[in-house]
Amino acid sequence: MFTDLPEPALREYRSTQTDPDDFDEFWATTLAETRAHPLDLRVERVDTGLTTVDVYDVTFAGWAGQPVRAWLRVPAGAEGPLPAVVQFVGYGGGRGAAVENLFWSSAGFAHLQMDTRGQGSGWSLGATPDPDGSGPAHPGVMTRGIDSRETYYYRRVFADAVRAVEAARGFDVVDATRVSVVGGSQGGGIALAVAGLVPDLAAVAAYVPFLCDFRRATVITDADPYKEIGRYLAVHRHRASSVHDVLAYFDGVNFARRASASALFTTALMDPTCPPSTVFGAFNAYAGAADITVWPYNGHEGGGFEDDLLALALFRGAGA
């Protein structure tokens, strides 16, 4: 069934999320601290047995210089310069296996798929730890380090993601002027964060994005992962205000207000995980040119492969 507002109301909806006064300063400092460490890009060819795609095991330095893993997949024998797609994955997943996720390289792109620190045992394999600890947290990562913006888990993840774009631009096979980002659910939220932090992307595709409009999301769905925050606040009853003050620094709505690359959003009207109003909250705040595709009869799977085809058209149309 529909999980949120009717579509006409969604198109009129505006998020009440506000920008912290020092939002830009906080992220400039975060990225400066991250970039103080050498990128330390390491690449090793993987023998997969595939004949149409070459795969490389990649490691680069993310937040605090900590190693982040990724796969680079390119059309076999390609010399470039190729357009690139940097992909971020959904909640609980990791970069998966070397032979998975061949769509973008098969379409002629250099495809860098970033692992997500501390995840990768839910539905796909991961290989990147999250060495930083935190105070008491609900199981999962949504409240890890939520005591402050400096320690919150997604500060590290978003810094990793910006470095992933920088890593992609460091490959000889990549045209550094034609790098796009894509992701679904958590990956879509990460892609929006990168869109707000990296000003010269070619394009952005965010499928049923998570991590948007936290103040609304945490009170209109009982589905995880947003419900992790709700369960945390049910125990820490007097911390709602301070928690939302922290989350404002990581909200896709605030990153959307700073993004300029052409963007594609998708949402599904029967999605209880990322309610469509939270997606429209980011879409309606997006500062650049953006379109949204609405899937009326779908849940959190969104448009499935149809979303990939829409992103492919966008990336090619944007010069990628």
Output the number of residues of region 202-220 satisfying the condition of being over 14 Å from the mean Cα position of the chain (by Cα) and either open to solvent by less than 20 Å² (accessible area, probe 1.4 Å) or in contact (Cβ under 8 Å) with a residue 12 or more places away in the chain (or both). 8
So for region 40-50 (the condition being touching a residue at least 40 places away in the same chain (Cβ under 8 Å), open to solvent by 20 Å² or more (accessible area, probe 1.4 Å), touching an Asp or Glu at 6+ places or on another chain (Cβ under 9 Å) and hydroxyl-bearing (Ser, Thr, Tyr)), does at least one residue qualify? yes
Six or more apart or on different chains, Cβ atoms under 7 Å: show the pairs whose first residue is in region 98-120 and closer than 16 Å to Leu309 by Cβ and among the hydrophobic types (A, V, I, L, M, F, W, C) and whose second is at pLDDT 95 or above and assigned to a helix (DSSP H, G or I). Phe103/Asp308; Ala107/Leu312
Exactly one condition in (1) assigned to a loop (DSSP other than H, G, I, E, B); (2) touching a strand residue (DSSP E or B) at 6+ places or on another chain (Cβ under 6 Å); (3) over 16 Å from Phe210 (Cα atoms) is false for Phe315; which is it? (1)
Is at least one residue of region 265-286 touching a Gly at 6+ places or on another chain (Cβ under 8 Å), touching a residue at least 12 places away in the same chain (Cβ under 8 Å), open to solvent by 10 Å² or more (accessible area, probe 1.4 Å) and not in a loop (DSSP other than H, G, I, E, B)? no
Exclusive hit being open to solvent by 60 Å² or more (accessible area, probe 1.4 Å), acidic (Asp, Glu) and over 19 Å from the mean Cα position of the chain (by Cα), set Asp147, Asp132: Asp147
List the number of the failed condition for Pro139; all other conditions in (1) open to solvent by 50 Å² or more (accessible area, probe 1.4 Å); (2) out of contact with any Gly (no Cβ under 6 Å at 6 or more places or on another chain); (3) more than 21 Å from Phe210 (Cβ to Cβ); (4) not polar (S, T, N, Q) hold. (3)
From the list Gly196, Gly170, exactly one residue is touching a Gly at 6+ places or on another chain (Cβ under 9 Å), touching a residue at least 12 places away in the same chain (Cβ under 8 Å) and open to solvent by 10 Å² or more (accessible area, probe 1.4 Å). Which is it? Gly196
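The values are calculated or read from the model by the stated rules, or taken from the named source; none is laboratory data. Nothing here was measured: the structure is a model prediction, and the numbers come from that model. All Cβ positions, glycine included, derive from the backbone under ideal geometry; neighbour counts span all protein chains shown. For the accessible areas, the whole protein counts, side chains as well, though only heavy atoms, and no ligand, DNA or RNA atoms are used. Shrake-Rupley method; radii C 1.70, N 1.55, O 1.52, S 1.80 Å.
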